[in-house]
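For reference, the structure is listed below as structure tokens.
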Amino acid sequence: MLTRLDLTARPAAGPAGLAGVLPRAAVDVEAATHLVRPTVEAVRRDGAAAVREATRQFDGVEQTELRVPAAALHRAADELDPEVRAALHEAIRRIRLVHHAQVPDEVTVEVVPGGTVTRRHLPVGRVGLYVPGGLAPLPSSVLMNVIPAQVAGVGSIAVTSPPRPDEGGRPDRTILAACALLGVEEVYAVGGAQAVAMLAYGVEGVRPVDLVTGPGNVYVTAAKRLLRGVVGIDAEAGPSEVMVVADATADPVLVAADLLSQAEHGPTSASVLVTDSTALADAVDAALEQQVAETKHVERVTEALSGPQSGTVLVRDLDRAIEVADAYGAEHLEIHTADPATVARRVRNAGCVFVGPQSPVSLGDYAAGSNHVLPTGGCARHSSGLSVQSFLRGIHVVDYDEAALREAAPYVVALSTVEDLPAHGEAVTVRLRA
């Protein structure tokens, strides 16, 4: 079922050479920026009226109020299925546990007697969190965005999610319930580029934010690119992706199930198997054929698995498989090998690594405690997933007394002279003249 790329006889080409031949979704964010620019400009110019017009045009929803009433949030929570409520509560507990451990300590270094530099970590003042609501509404994304922001100490949190005609023009009710369970009451029924512009510029009744986080479609990503600088962003999210590194010891049924589960996100999702075993590749194809026939979203899964972004990469050994994984920089990387922990330790580029057959990506999507807002499109080579640090700013605090400044003065003067910035040196020496 999966297209095969045979690298077993190919000479080493380095990360750049490998990245150029590996399966990857083709997403033209730049082209999308031209499509969303008029919407973004309209929101900047016309405020809430432009947001309502874009919502009518793109979502088919007529709105009088952008904000979801608090009563609707609490009603959604009250009406939750008990099993879903229990699952959300347990996921919240686990995610909080992991993210509390990420809070950095304030560190003071005494550089010289009387001279210290302290590193403080202060939260962003106000954030806007985008929660997708397209093919599959994602209440889990509420948890993944809100919890690290709360743990970081962000004082003002606004959540926005696309309105749904089948929900009376409000976001998915489970998304609303998740907001209520986390104590978030500022929620807007707005999606797409207009939501990012609304958060960045502010409109009537919505204060602008300092940072926008959360995944979305290509139009959300394009709006983030256009508005970077007006507002901080976490990343430019692309189609979801999983890479599975597996050897002959892997269970093909489990590997197939994990490739299929990622394809379920949508037709552009990427599912890539990397293996040194042709027999395993054949067995995974056979398992996929059976599982796809039985799955609910067979059309989107089939399109994703047969697209150019998905496939099987055959390599000569596990060393080469790790090279391929690092060149690809997967959002999600699963390790199904005889010694998965050792292989996982060798990986350098991945948004999140899932070790062994009992750690599937879907566990991380919901209840592992990790964050599922992760870098895509190879960005794991230079970027991290969403975390508490995403909502903190590191600030150095310099505190020198006169003696410590006097000791440093010759170094400041020497360097300011070589850089031809004599006033820099004078700003120090003027303080030290008797």
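Take the Cβ-Cβ distance between Arg37 and Ala136 as r, set R0 to 30 Å, and report the resulting FRET efficiency rounded to the nearest 0.05. Efficiency at R0 = 30 Å is approximately 0.60.
Residue-wise HN-Hα couplings along the stretch 125-132, as the Karplus relation 6.51 cos²θ - 1.76 cosθ + 1.60 with θ = phi - 60° gives them from phi, are x, 8, 10, x, 10, 9, 10, x Hz; Gly and Pro carry x.
Element breakdown for the chain at a 1.4 angstrom probe: carbon and sulfur atoms account for 53% of the accessible area.
For the stretch 203-210, putting each phi into the Karplus relation 6.51 cos²θ - 1.76 cosθ + 1.60 with θ = phi - 60° gives couplings of 9, 4, x, 10, 6, x, 10, 8 Hz, in residue order, rounded to whole numbers and with x for Gly and Pro. For the stretch 90-168, the set of GluC sites (Glu not before Pro) satisfying both a DSSP loop assignment and a count of at most 15 other C-beta atoms within 10 Å is given as Glu106.
What the phi angles of the stretch 365-379 give under the Karplus curve with 6.51, -1.76 and 1.60, with θ = phi - 60°, is a coupling list of 4, 10, 9, 6, x, 6, 9, 9, 8, 10, x, 10, x, x, 5 Hz, glycine and proline written as x.
The residues of the chain expose on average 46 square angstrom of accessible surface per residue, using a 1.4 Å probe on protein heavy atoms.
Using only side-chain charges placed at the Cβ, +1 for Lys and Arg and -1 for Asp and Glu, the dipole size of the chain relative to its Cα centre rounds to 940 debye.
Restricting attention to the stretch 333-434, which GluC sites (Glu not before Pro) occupy a DSSP loop and are surrounded by at most 12 other Cβ atoms within 10 Å? Filter output for the stretch 333-434: Glu419.
Ranking Pro410, Asn145, Ser277 by how far each Cα lies toward the positive end of the dipole of the chain (charges on Cβ) leaves Pro410 at the top. The trypsin sites (Lys or Arg not before Pro) of the stretch 298-350 meeting both criteria, a DSSP state outside H, G, I, E and B (loop) and at most 15 other C-beta atoms within 10 angstrom of the site's C-beta, are Arg316, Arg348.
When you count the other C-beta atoms within 10 angstrom of each residue and take the mean per peptide, 223-230, 53-60 line up highest first as 223-230, 53-60.
The values are calculated or read from the model by the stated rules, or taken from the named source; none is laboratory data. Keep in mind that this is a model prediction, so the values were computed, not measured. Because the Cβ atoms are built from the backbone with ideal geometry, glycine has one as well, and the counts that use them run over all protein chains shown. Areas reflect the complete protein model, heavy atoms only, side chains present, ligands, DNA and RNA absent. Shrake-Rupley method; radii C 1.70, N 1.55, O 1.52, S 1.80 Å.
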